[in-house]
Amino acid sequence: MQKVFILMAMLFSVVFYAQETEEATYTKRVLEETEVDLLFSYYDQDGDNAAVSGGEGTQELTDVTSTIVVKMPLNNDDVLTVDVGISAYTSASSSNVNPFDVDVTKKASPFSASSGASKSDKLVHIKAGYEHSSKDRNQIVGANFYAAKEYDYSSLGLGVSYAYLFNEKNTELSFSGQVYLDTWKPQYPTELRTGFFDNRITGTGTYNPNFTAFTDKNRNTYSVSLGLSQILGKKVQGSLFADVIVQSGLLSTPFQRVYFGDVNNFFIDDFQLADDVEILPDNRVKIPIGGRLNYYVNDALIVRTYYRFYTDDWGVSSNTASIELPIKLNNAFTLYPTYRFYNQTAADYFYEKEAAVSTLDYYTSDYDLSKFVSHQYGAGLRYKDIFAKQKVFGFGLKAVDVRGTMYNRDNGLDSFIVSLGATFVNMK
């Protein structure tokens with residue numbers, strides 16, 4: 001952490017020195033006026049492969065997120081951005097961390113929600129970012145800070161970025177680095193907690209799982225990103241990127257159950273008691289590489305394409321391809337249908353329910369680490385008024401975006417999200 005703060009201090013020293021030594025000539029402001037983005041989304045999903053209940057059971061979840069982003073020009077060259085948001089979710093799956101906290105008239109089941117406290121939670125985050133542009137607008141230096149908190153997890157992040165434009169601004173090279181220092185407050189399945197006893201347990205023998213609580217409660221993530229953007233012609237723009245992400249610490253999720261095929265099964269009502277929680281390596285290296293290609297067809301249509309290949313040392317590799325077709329309906333409205341394809345291989349440590357055995361070193365039944373193919377379909381409508389004629393509390397309405405997206409994957413998970421965003425600009 002000390003090295004990160006030293007790097008941040010050096011960065012700001014360079015920025016402020018550059019401000020003092022550059023020639024004091026007039027340049028257009030990077031951001032003319034303060035802008036405020038109000039964002040809202042509603043997400044809903046369902047499926048039958050909940051990791052909390054060992055790879056089976058309801059994945060029903062709803063999430064409502066509200067975010068406000070304020071971009072403020074500090075002077076001609078510097079912009080401060082503050083992003084604050086809260087996400088509140090209700091999850092039938094996570095409620096089954098303690099599935100036995102139910103109405104006495106209901107049976108515990110992985111396919112229904114419990115009334116336990118873990119059925120809902122809130123995530124609060126704040127992110128502050130600073131960017132300085134050189135007088136000739138050919139260099140951009142940035143730094144950011146991030147903090148987030150929910151009941152069993154907290155995160156702190158620090159980042160830096162640099163972009164260099166040349167070739168008459170037709171080419172841009174960019175670099176960014178980010179560090180996240182996260183801490184778990186482990187919540188284990190209730191039957192694995194010290195002192196658990198319930199006289200409703202059924203099965204052959206005595207329920208005595210070989211479970212050990214995690215001692216390392218930290219998860220650290222370090223990432224480096226490189227990018228190249230190039231205007232290839234009057235109608236074509238392309239970009240390439242490559243990232244390296246290294247994680248260490250507690251990479252397992254403490255409340256996700258695993259059932260072994262070589263031990264006896266025990267139940268309370270219709271709910272099978274855990275044999276263990278998922279155990280995953282304490283290191284992971286991820287490498288995504290990809291690119292974008294945008295083609296201007298005419299004044300009414302642009303084709304935006306994206307492709308990414310991903311691989312990691314857990315055995316997961318994936319391909320992502322997407323296309324967006326912004327269609328300009330008139331000077332104010334743009335319609336943009338989208339489609340995204342994704343496939344991935346299974347992690348080396350993924351096992352369906354009771355396919356793993358107790359002698360293995362690592363195991364999980366989280367279907368996010370399984371082999372699957374997914375499709376995402378969506379459409380959005382954007383209203384844009386560069387003159388911000390409509391006023392709200394002294395701010396001009398610059399743009400409104402409404403988007404809806406459907407998602408499904410072939411292992412049974414389905415979801416949809418509806419989002420709304422509005423951009424306001426300070427009108428002096």
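Extent of the range 219-308 along its three principal axes (Cα atoms, max minus min coordinate, largest first): 67, 31, 19 Å.
Would you mind calculating the relative contact order of the chain from Cα pairs under 8 angstrom and at least 6 residues apart, reporting the percent as a whole number?
Relative contact order of the chain: 13 percent.
Considering every Cα-Cα pair within the chain, what fraction, in whole percent, is farther apart than 37 Å? Cα-Cα pairs in the chain separated by more than 37 Å: 35 percent. Extent along the principal axes, Cα only, for the range 253-380: 66, 35, 20 Å, with the longest axis given first.
The share of accessible area on the chain that comes from carbon and sulfur is 58 percent, using a 1.4 angstrom probe. Cross-linked pairs K286/K371; K119/K185; K127/K149; K119/K149; K127/K384: Cα-Cα separations exceed 19 Å for K127/K384.
When the inverse distances between all different Cα atoms of the range 308-428 are averaged and flipped, the Kirkwood radius reads 17.8 angstrom. For the chain, the longest principal axis of the C-alpha atoms and the axis of helix 2-21 are separated by about 10°.
Based on the alpha-carbon gyration tensor of the range 142-268 and its eigenvalue square roots a ≥ b ≥ c, which shape applies: rounded if a/c is under 1.5, prolate if not and a/b is larger than b/c, or oblate? Because a/c hits 1.5 or more and a/b exceeds b/c, the range 142-268 counts as prolate.
Hey, what D do you get for the range 29-70 in µm²/s if you plug the Kirkwood alpha-carbon radius into Stokes-Einstein at 25 °C and 0.890 mPa s?
184
When the convex hull of its Cα atoms is viewed from all sides, the range 57-156 shows a mean projected area of 8.1 nm². Within the straight-line cut-off of under 12 Å between alpha carbons, the aspartates and glutamates reachable from K217 are D152, D182, D282, sequence neighbours fewer than 8 places apart in one chain being disregarded.
Report Rg/Rh for the range 377-428, rounded to two decimals, where Rg is the Cα radius of gyration and Rh the Kirkwood radius.
That ratio is 1.25, to two decimals.
When the trypsin sites (Lys or Arg not before Pro) in the range 187-275 are filtered for DSSP coil states and for at most 16 other beta-carbon atoms within 10 Å of their beta-carbon, the remaining sites are R193, R200, K217, K234, K235. The base-10 log of I(q)/I(0) for the range 120-167, evaluated at q = 0.15, 0.19, 0.25, 0.33 Å⁻¹, reads -0.53, -0.66, -0.86, -1.12 [Debye formula, identical scatterers on Cα atoms, solvent excluded]. In the chain, helices alone account for a calculated mean residue ellipticity at 222 nm of -1500 deg cm²/dmol, with every DSSP H run of four or more residues adding -39,500 (n - 2.57).
The values are calculated or read from the model by the stated rules, or taken from the named source; none is laboratory data. For clarity, every value in this text was computed on a predicted model and none was experimentally measured. No Cβ is skipped: glycine too gets one built from the backbone with ideal geometry, and neighbour counts run over all protein chains shown. The accessibility values were calculated without ligands, DNA or RNA, using every heavy atom of the protein model including side chains. Shrake-Rupley method; radii C 1.70, N 1.55, O 1.52, S 1.80 Å.
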